[in-house]
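Here is the structure we will look at, set down as structure tokens.
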Amino acid sequence: MSPGQCLVLDLSGLAFCDSSGITALLAARQHALAAEADVVLAAVPANLMRVLILVGLDRVFTLRPDSSAVS
């Protein structure tokens, strides 16, 4: 990644995400921030969205309804 780039993770096909998956999302965010880039989670499934809200990660990640909404 280069400074100013945006990594868009389209999660529309995600059927299951446990703590290891959330850790991987956080690691991707850390790598992007270290490269002065950004991460957007797009099309987050309802079950994962509930978890992200519960643990406060909805305030850490940029969330979009789908990948086409990312500019």
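The values are calculated or read from the model by the stated rules, or taken from the named source; none is laboratory data. Please read all numbers here as calculations on a predicted model, not as lab measurements. Because the Cβ atoms are built from the backbone with ideal geometry, glycine has one as well, and the counts that use them run over all protein chains shown. Just the protein is used for accessible areas: all its heavy atoms, side chains included, with ligands, DNA and RNA removed. Shrake-Rupley method; radii C 1.70, N 1.55, O 1.52, S 1.80 Å.
Considering the conditions (1) part of a loop (DSSP other than H, G, I, E, B); (2) surrounded by 11 or more Cβ atoms within 10 Å (Cβ to Cβ); (3) over 12 Å from the mean Cα position of the chain (by Cα), residue 53 is excluded by exactly one of them, (1).
State the number of residues belonging to segment 25-46 that are exposed (fewer than 12 other Cβ atoms within 10 Å of the Cβ) and either outside any loop (DSSP other than H, G, I, E, B) or of a type in the set (Val, Ile, Thr) (or both). Step through it out loud before you land on a result.
Residues of segment 25-46 exposed (fewer than 12 other Cβ atoms within 10 Å of the Cβ): 27, 30, 34, 36, 46.
Add one more test, that the residue is either outside any loop (DSSP other than H, G, I, E, B) or of a type in the set (Val, Ile, Thr) (or both), and what stays is 27, 30, 34, 46.
Total meeting the criteria: 4.
If I filter segment 2-13 for residues that are in a helix (DSSP H, G or I) and either acidic (Asp, Glu) or buried (at least 16 other Cβ atoms within 10 Å of the Cβ) (or both), do I get at least one hit?
Of all residues in segment 2-13, those in a helix (DSSP H, G or I) come to none.
Looking through segment 2-13, none of the residues is in a helix (DSSP H, G or I) and either acidic (Asp, Glu) or buried (at least 16 other Cβ atoms within 10 Å of the Cβ) (or both).
Filtering segment 14-24 to residues that are outside any helix (DSSP H, G or I) and surrounded by 13 or more Cβ atoms within 10 Å (Cβ to Cβ) leaves 14, 17. Among the residues of segment 56-71, those that are open to solvent by less than 60 Å² (accessible area, probe 1.4 Å), part of a helix (DSSP H, G or I) and small (Gly, Ala, Ser) comprise 67, 69. For segment 17-50, name all the residues that are under 20 Å from residue 3 (Cα atoms) and of a type in the set (A, V, I, L, M, F, W, C). Result: 25, 26, 27, 28, 32, 33, 34, 35, 37, 39, 40, 41.
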